[in-house]
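Have a look at the structure below before the remarks.
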């Protein structure tokens, strides 16, 4: 797919981190971009900085997502690109024992369900609604009608202690990538997923330097945290390369996560 001002995109979780870097990369190519994000202050400022459109969207809420698509399409036209970066995580063991008292407790199901709702179902909700919109467009000269990029995590394959909910949600994104690509194949809409490793996003940026150095040392090569621009570079390659379809690609410097 050729990226220019004739094309529009939506990036969920696009106000910062991996999504923010993707917004910048798409805007650098002239693409019209709408940001879906719950952080209104950050999202509004970042949209003004990049020339994007901000939409306050909660990906777990059907009405909120519908309103976001309506606003984005009113501003930029029907999107041909969707990049799903909205997500979160928790660290809770399946069952645990308190060190102080020895009290045993099970993983709260509401916490597990929240992560699934945001990372997995929220991603699918946006895919389904975006794909339905893309299907109203004509196929472009290069054979593309639309392109979708999802964000999973290396935790989908190397989930650590306490990451059952997070790994399940990201494993679900990996697992549905090929079936969705197959569902949309006759409509000329491609679907791919990136599995990032340790990236220098706002979540990690606030850690002490010694902790970030220890994390960097676990990366095979190069021994550093990933730059969000490197994620954006791969996302754009997945969008631009018409033969990139149905793939789940690790972007992690060769890291394999230890149990903890």
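Coordinate-derived values only; no laboratory data. Just so we're clear, the structure is a prediction, and the values are computed from it rather than from any experiment. Counting neighbours? That spans all protein chains shown, and the Cβs are built from the backbone with ideal geometry, glycine included.
Side notes on the structure shown:
- Taking the Kirkwood radius as Rh and the Cα radius of gyration as Rg, the chain has a ratio of Rg/Rh equal to 0.98.
- Length gained when the stretch residue 242-residue 227 is fully extended (0.36 nm per residue, less Cα-Cα span): 2.9 nm
- A straight chain from residue 256 to residue 185 at 0.36 nm per residue would run longer than the Cα-Cα distance by 22.3 nm.
- When DSSP beta bridges are restricted to pairs lying wholly in the chain, around 10% turn out antiparallel.
- The orientation-averaged shadow of the Cα convex hull for the stretch 86-204, equal to a quarter of the hull surface, comes to 9.2 nm².
- Contact order normalised by residue count of the stretch 80-164, Cα under 8 Å, 6+ apart, percent: 48 percent
- Mean sequence separation of contacting Cα pairs (under 8 Å, at least six apart), scaled by the length of the stretch 207-260, corresponds to a relative contact order of 40 percent.
- Part-to-part distance (alpha-carbon centres) for the stretch 18-35 and the stretch 66-138, which is given in Å: 20 Å
- With R₀ fixed at 45 Å, the C-beta to C-beta distance from residue 28 to residue 95 puts the FRET efficiency at about 0.40.
- Size estimate for the stretch 174-260 follows the Kirkwood approach: the inverse of mean 1/r over distinct Cα pairs works out to 14.5 Å.
- Dividing the convex hull volume of the alpha-carbon atoms in the stretch 1-111 by its residue count gives 129 Å³ per residue.
- Relative contact order (%) - criterion: Cα under 8 Å, at least six apart; region: the chain: 20 percent
- Between the stretch 209-224 and the stretch 143-202, the alpha-carbon center distance in angstrom: 24 Å
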